[in-house]
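The values are calculated or read from the model by the stated rules, or taken from the named source; none is laboratory data. Being a predicted model, the structure only gives us computed values, none of them experimental. All Cβ positions, even for glycine, are placed from backbone atoms using ideal geometry, and neighbour counts span all protein chains on display. The accessibility values were calculated without ligands, DNA or RNA, using every heavy atom of the protein model including side chains. Shrake-Rupley method; radii C 1.70, N 1.55, O 1.52, S 1.80 Å.
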Amino acid sequence: MTATPKPDLTDIVVSRDAEIAVRVDGPDHLPWIVLSNSLAADLTMWDDQIPFLTRSYRVLRYDTRGHGRSSAPQGPYSFDMLVADVIAVMDRFHIRQADVLGLSMGGMTALGIGLAYPERVNRLICADARADAPPPFVAGWDQRIAAVAAGGMGAVLAGTMERWFTAETRQNRPEIVDRASRMVLDTSPAGYAGCAEALKGLDYLRHLPRLEPETLYIVGAEDAGAPPDAMRAMAAATPGAQFEILPRVAHISNMEDVAGFNARVADFLDISRQAAE
């Protein structure tokens, strides 16, 4: 049997037609948590969560196919593919069961894992994500796919920053916007389009009543991409789910309100408040 990898490493895991870039942090005796990134982001979007999570977890984060250092096979992709990628990564590291935390597309992927592989998930955190794809949502992705095809990732950068962060953050915290902008511009246009096609086929809402893992939904109060009312309905459909709103925060809540996001995650995962600070 392959030996369990040591802490703080990077690796490439082959999953069907994709090569998935992975990073592991934290002591190897701790339980696992798996982090899944947003569309047009990469595993570094979780940098502000790593210091507190590694006090209680061995943290596995990965670049979704088409993002970061992962390969970008020709699309379209589907959530079945994105879920299969995570299972392949978990199998590579001999992870029988883990807590799973995802945001936006990563939150949708987390729901997919919880629905298809409930035995692999202990607790699940779905942040700033939808569970369905109504016509206006689909039309918005058609427009962005066309814009990227015509002008590259720069064509959607401004609109993405407007959705990701509040006007106050965009004006007063340029370091966050700069960090996020680099992730967007570094995303493969083919990977972006492939994942956007997966979003257009999102269809988890009707299945949430059979979601088995203990689940927390988190959303920014000013998130237009995953509106609080939509996530409240997701929580209501999920047996025993918890629901939290972060005030004065938009879509990428873990970067915009690090302290608030970490505190809610810590409460749900029974990590001490001191660890989250």
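Quick check on Y217: is it part of a helix (DSSP H, G or I) and buried (at least 23 other Cβ atoms within 10 Å of the Cβ)?
Working: part of a helix (DSSP H, G or I): no; buried (at least 23 other Cβ atoms within 10 Å of the Cβ): yes.
For Y217, the condition - part of a helix (DSSP H, G or I) and buried (at least 23 other Cβ atoms within 10 Å of the Cβ) - is not met.
Of all the criteria given as (1) in a loop (DSSP other than H, G, I, E, B); (2) among the basic types (K, R); (3) open to solvent by 50 Å² or more (accessible area, probe 1.4 Å), the one not satisfied by R182 is (1). Among the residues of region 34-78, those that are farther than 17 Å from W164 by Cβ, aliphatic (A, V, I, L, M), in contact with a helix residue (DSSP H, G or I) (Cβ under 6 Å, 6 or more places away or on another chain) and in contact (Cβ under 8 Å) with a residue 40 or more places away in the chain comprise L35, A72. Beta carbons closer than 6 Å, at least 6 apart along the sequence or on distinct chains, pair a first residue in region 229-242 that is more than 16 Å from N122 (Cβ to Cβ) with a second that is of a type in the set (G, A, S) for M234/A131; A235/A241.
Counting only residues that are of a type outside the set (G, A, S) and over 17 Å from D42 (Cβ atoms), which one in region 94-107 is most open to solvent (accessible area, probe 1.4 Å)? Lay out the reasoning, then the answer.
Restricting attention to region 94-107, the residues satisfying the condition of being of a type outside the set (G, A, S) are 94-97, 99-101, 103, 105.
Keeping just the survivors that are over 17 Å from D42 (Cβ atoms) gives 94-97, 99-100.
Values: H94: 87, I95: 3, R96: 172, Q97: 71, D99: 7, V100: 4 Å².
For region 94-107, the residue satisfying everything is R96.
When residues in region 1-57 are screened for being under 29 Å from R264 (Cα atoms), of a type in the set (S, T, N, Q) and modelled with pLDDT under 95, 1 of them pass.
Considering region 109-131, the residues that are in contact with a helix residue (DSSP H, G or I) (Cβ under 8 Å, 6 or more places away or on another chain) and open to solvent by 10 Å² or more (accessible area, probe 1.4 Å) include one that is nearest to E197 (Cα to Cα), namely R130. Checking the structure you have, find out if any residue of region 185-194 is part of a loop (DSSP other than H, G, I, E, B), in contact with a strand residue (DSSP E or B) (Cβ under 6 Å, 6 or more places away or on another chain) and among the polar types (S, T, N, Q). Among the residues of region 185-194, not one is part of a loop (DSSP other than H, G, I, E, B), in contact with a strand residue (DSSP E or B) (Cβ under 6 Å, 6 or more places away or on another chain) and among the polar types (S, T, N, Q), which makes the answer no. I'd like the residue in region 261-274 that is at pLDDT below 95 and in a helix (DSSP H, G or I) and, out of all such residues, is nearest to Q242 (Cα to Cα). Per the stated criteria, the residue is R273. When A21 is tested against (1) under 26 Å from M161 (Cα atoms); (2) in contact with a helix residue (DSSP H, G or I) (Cβ under 7 Å, 6 or more places away or on another chain); (3) of a type outside the set (F, W, Y), only condition (2) is not met.
Within region 132-148, being outside any helix (DSSP H, G or I) and either open to solvent by less than 30 Å² (accessible area, probe 1.4 Å) or free of Cβ contacts under 8 Å to residues at least 24 places away in the same chain (or both) holds for A133, P134.
Within region 220-236, the set of residues being part of a helix (DSSP H, G or I) and buried (at least 24 other Cβ atoms within 10 Å of the Cβ) comprises M231, M234.
For region 235-273, the set of residues classified as among the hydroxyl-bearing types (S, T, Y) and over 29 Å from P209 (Cβ atoms) consists of S272 only. Taking I33 as the residue in question, decide whether it is under 24 Å from Q242 (Cα atoms) and touching a Ser or Thr at 6+ places or on another chain (Cβ under 8 Å). Answer is no for this residue.
What about E197, is it part of a loop (DSSP other than H, G, I, E, B) and either open to solvent by 50 Å² or more (accessible area, probe 1.4 Å) or on the phi > 0 side of the Ramachandran plot (or both)?
Details: part of a loop (DSSP other than H, G, I, E, B): no; either open to solvent by 50 Å² or more (accessible area, probe 1.4 Å) or on the phi > 0 side of the Ramachandran plot (or both): yes.
Taking the combined requirement at face value, the residue does not satisfy it.
Per the conditions (1) surrounded by fewer than 19 Cβ atoms within 10 Å (Cβ to Cβ); (2) of a type outside the set (D, E); (3) without any contact (Cβ under 8 Å) to a residue 60 or more places away in the chain, the sole criterion not satisfied by R163 is (3).
Quick check on region 237-260. Is at least one of its residues open to solvent by less than 10 Å² (accessible area, probe 1.4 Å), assigned to a helix (DSSP H, G or I) and closer than 25 Å to P136 by Cα? Within region 237-260, one or more residues are open to solvent by less than 10 Å² (accessible area, probe 1.4 Å), assigned to a helix (DSSP H, G or I) and closer than 25 Å to P136 by Cα.
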